[in-house]
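Below is one structure, written out as structure tokens, with a few remarks after it.
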Amino acid sequence: MSHSSKPPHHKLSQRRQRYIDEEQLQALSPNPSSSQVRSKRQRLIYLCGDDPEHSGILVHHLHCFGHEVVSFEDTETFFDAALTRRPDVVIMDVNFPKGQTDGTDTLAELNRLTGSQMPAIVLSAYGNFSSRLSAVRAGCQGYFTHPVKPLDLMLAIDELTTPIEKEPLRVLVVDDEVDAAEYHALLLKGAGMIVQQVHHPAETLIALERFNPDLLLVDMFMSDCSGEELATMIRHQPEYLGLPIVYLTGSADSQKQLSAMASEVEALITKPVQPAELISAVRLRGERLRMLHSLMSHDSMTGLYNHSTTTDFINKALAQAHRDDSQHAMAMIDIDHFKQVNAIHGHLAGDQVIITLARLLKSRLRLSDIIGRYGGEEFVVLLKGVDVQRAAELIDGLREDFGSVDFYAHGNHFRCTFSAGISDFPDHPATESLRLAADQALYRAKQQGRNQVAIHMDLAP
């Protein structure tokens, strides 16, 4: 098919005029967009395909992950709906009676009409060159051939729709010359960083503890304490061994610069600084530290917090709960018969199951909840401000949905289930006692036949 061919929308001019009229009305009477009234993790997905049975299976899986899905059986209805209410992402099955490229041609025309690229994923029974080329020319960001693994589709949707939200870098500027400190702080603030100043070196350690910076910007030659001495003092404390330190110096003495670098600082910048050089040096080293921290604190397979980080966050949450007199619930979750999954379907299939459960937990639970992979096929969740009964209801809903997700390996189809145990804070006031109670409830769920949620015996005999 020619690259210049267009879908035969016989009412395209009327649609274009209606779209322009609606845009003008919205400009006069703005309303909250659909994305503003949905939860932060929920996505509005338009699914367009002419196979009701296949579409129904996809809708079910997408609902399991907490998304709002609107299904269309023809491209014309989809086209009109997309002009009225823009989705977060489109899943377009191109296998329509009008031809293999009907779906992608519709997307291309929609993008031309609206003047913006609509995030889209193509599903197709065809993997040939022409079908894939039509998807590329329509600006589609993903292409899958049937059968589609739910996990692969979810990961593609996440990649398309999850904004990269970076917290501003936190920089502590230590300089006993107030004007110089103010100037450098102003440059960094202008680059979007959060900056705090210390004008007396003796106050640095307190500021480090309270401000928790990503990087320290230190003047090398201060009257009461040199930058070298301050850096060495900071490195004596294990928690600050990895903290990037950048020196500012007015000296061009190479010997002094070499001496400074020997104290394990990250960089040395000569004053007067070039604004671009300062911002670049600080951003590069601060973001590198954040990336290292993320790698150290997260499980590489699932992206959830790892065991030690999860425990640390739960400790802090319980300490705050003691002060606030609030209530939390912990869930220990374990995938049933996971060793059999690995033995029968292979370890790659087992990884697929683990990642799917992790994505389900992350997409359905709140941002404030703590979700971690505790090891192997076991997960832990701290549900904040939730009593044990409500926690059991929430986890049981996730259990039901997880049990209906389809997995595929070596041409075989299978499903998995999980069991969970729930414990309550403050009945169990410490992290270890809370975990132990949840673990005992999990054992009870396993003993009673698996694929169920049990509450700790002390609370629910």
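The H on the amide N of residue 215, modeled in the peptide plane, is under 5 Å from the matching H of 170, 172, each at least 5 residues off or on a different chain. Summing +1 for each Lys or Arg and -1 for each Asp or Glu among the other residues whose beta-carbon sits under 12 angstrom from that of residue 286 gives +2. Calculated on the alpha-carbon coordinates, the convex hull of the stretch 85-225 measures out at 183 cubic angstrom per residue. Taking each of 166/189; 362/446; 149/384; 189/316; 316/362 in turn, the alpha-carbon distance tops 26 angstrom for 149/384; 189/316.
Among DSSP bridges having both ends in the stretch 170-295, what percentage is antiparallel? Round to the nearest 5. If you can, show how the numbers build up before the last one.
Numbers: 0 of 17 bridges.
That works out to approximately 0 percent antiparallel.
Counting every other Cβ atom within 10 Å of each residue's Cβ, 187, 295 order from fewest to most as 295, 187.
Could you derive backbone 3J(HN,Hα) for the stretch 273-283 from the dihedral phi with the Karplus parameters 6.51, -1.76 and 1.60 (θ = phi - 60°), listing whole Hz in sequence and x where the residue is Gly or Pro? Rounded to whole hertz, the list is 6, 8, x, 5, 5, 4, 4, 5, 5, 5, 5. Per-residue Cβ neighbour counts within 10 Å put 425, 129 in the sequence 129, 425, beginning with the fewest.
Using a cutoff of 8 angstrom between alpha carbon atoms and counting only pairs six or more residues apart, the relative contact order for the stretch 126-194 works out to 25 percent.
If you add up the charges near residue 329, with Lys and Arg at +1 and Asp and Glu at -1, over every other residue whose beta carbon is less than 11 angstrom from its beta carbon, what do you get?
Values: positive: 384, 390; negative: 369, 387, 393, 424, 427.
Result for the local shell: -3.
Bear in mind these aren't lab numbers, they're just calculated from the coordinates by the rules spelled out. Since we're looking at a predicted model, the values are computed, not measured. All Cβ positions, glycine included, derive from the backbone under ideal geometry; neighbour counts span all protein chains shown.
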